[in-house]
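Presented below is the structure to which this report refers.
The values are calculated or read from the model by the stated rules, or taken from the named source; none is laboratory data. These figures come from a predicted structure and were not determined experimentally. A quick note on method: Cβ atoms are made from the backbone with ideal geometry, for glycine too, and the neighbour counts reach across all protein chains shown. The protein model used for the area step is the full one, side chains on, heavy atoms only, and it has no ligands, DNA or RNA in it. Shrake-Rupley method; radii C 1.70, N 1.55, O 1.52, S 1.80 Å.
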Amino acid sequence: MSNDASEQWEMAPPHTEREVAFVAVPDPAAAASVGIDAPVRNLQMLELQITGGATEIYLAHRPPAGTGASFDALPGKRDGDPTQVSNRRLLKEIITQAHAAGMRVHLCADAPAVTTGDKDTFLAHVAQGIDAGADTVVVGALAAARWIADEHPGVPLVAGSHLGVTTVAYAKRLREVYGVGRIVVPHATTLDEIAAFCAVDGLEVEVPVQTGSGGNCHACRLPDQPGSGLGCRAGYQGSPAPEEAVRDLGGFLDGASDCALCDVPSLVALGVTALQIPGRESPIVRQNAKITQMYRRALNGVAKGWSTKRTIADIDRVELMWQMGWVPRMCEQQRCRFRDTARRRAHV
């Protein structure tokens, strides 16, 4: 175990008291067992994610025409950009090429609720993805998990973030009753909580490592704000009486923050299965793949036995995005996923 400040990126805040005991220097060989799960909605995104160093992808496909709602966690479009694979032929082609590249494919069927009236249509939709070659199905509701487990007993299930797996007992229950083999932990999950999940035998743990919010992203149902995206990111302000001075409410709806680059070594040491990159709706697919590449560089640094400080120095040397975008948007704003920041402390 080590929390040597000299080995940390100099702009990184300290860890919280509850997490500092889980900050560790991993065996370099362990980095090879940690995957990167990246979003894909078309062949260009797939090619870019392969180049960026992803080892797994997750995707969703468009539901049948006339279906009143999406069958996955996102609407069909966000800020005008699609989130789903447009047709079955393309779905098959993406999965085939991903498998040829040695990648695992996760089919998102993680809508937070599916009505019994939509059950048959939903199951037919899931069957299309399984027939196209998806390796797992990501679920977001217990009823959907039961339907899929009964209909496709040999297909592994992944508990998506909408299931809100916040306790070890819940994770074990999902595994025993529904056959869930992997959980995607809520974005606000702390290092000590991740350690507890990783200690469960036979349970794969996937950790979101970049943009996200709260304990169960999207569940709040705050609408997207034009030009701002998710409601929790909309820059809420308050005017407390009697001063009537406008106050930036910061992250009170957004306590999870973002960047986990400095804590990739600890995640490897804890034994997580995969790091999840967000962005099925990303309007700039090259930039999204660049995020994947940054986390691949972090894992490569672990594999070489480098300190976080040395890994970031190497990133700074070769990645223009680091100084142009990452440092001002993440480091200077202290949008740190596992650090003791004002944003994390403000979260309600």
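Pairs are defined by a Cβ separation below 8 Å, a sequence spacing of at least 6 or placement on different chains, a first member in the stretch 271-286 that is farther than 15 Å from residue 302 by Cβ and touching a residue at least 40 places away in the same chain (Cβ under 8 Å), and a second member that is hydroxyl-bearing (Ser, Thr, Tyr) and assigned to a strand (DSSP E or B); the pairs so defined are 276/58; 280/58. When every residue of the stretch 43-56 is checked against the conditions, at least one turns out to be touching a Gly at 6+ places or on another chain (Cβ under 6 Å) and in a loop (DSSP other than H, G, I, E, B). Is one or more of the residues making up the stretch 180-199 modelled with pLDDT of 95 or more, over 30 Å from residue 14 (Cβ atoms) and surrounded by 20 or more Cβ atoms within 10 Å (Cβ to Cβ)? So far as the stretch 180-199 goes, yes, one or more of its residues are modelled with pLDDT of 95 or more, over 30 Å from residue 14 (Cβ atoms) and surrounded by 20 or more Cβ atoms within 10 Å (Cβ to Cβ). Quick check on the stretch 174-192: of everything there that is assigned to a loop (DSSP other than H, G, I, E, B) and under 18 Å from the mean Cα position of the chain (by Cα), which residue is nearest to residue 210 (Cα to Cα)? So the residue we want is 187.
Considering the conditions (1) at pLDDT 90 or above; (2) in a loop (DSSP other than H, G, I, E, B), residue 275 is excluded by exactly one of them, (2). If I go through the stretch 45-86 residue by residue, how many of them are modelled with pLDDT under 95, surrounded by 14 or more Cβ atoms within 10 Å (Cβ to Cβ) and among the hydroxyl-bearing types (Ser, Thr, Tyr)? The number of residues fulfilling the criteria is 3. Only a single criterion out of (1) over 20 Å from the mean Cα position of the chain (by Cα); (2) open to solvent by 60 Å² or more (accessible area, probe 1.4 Å) is not satisfied by residue 32, namely (1).
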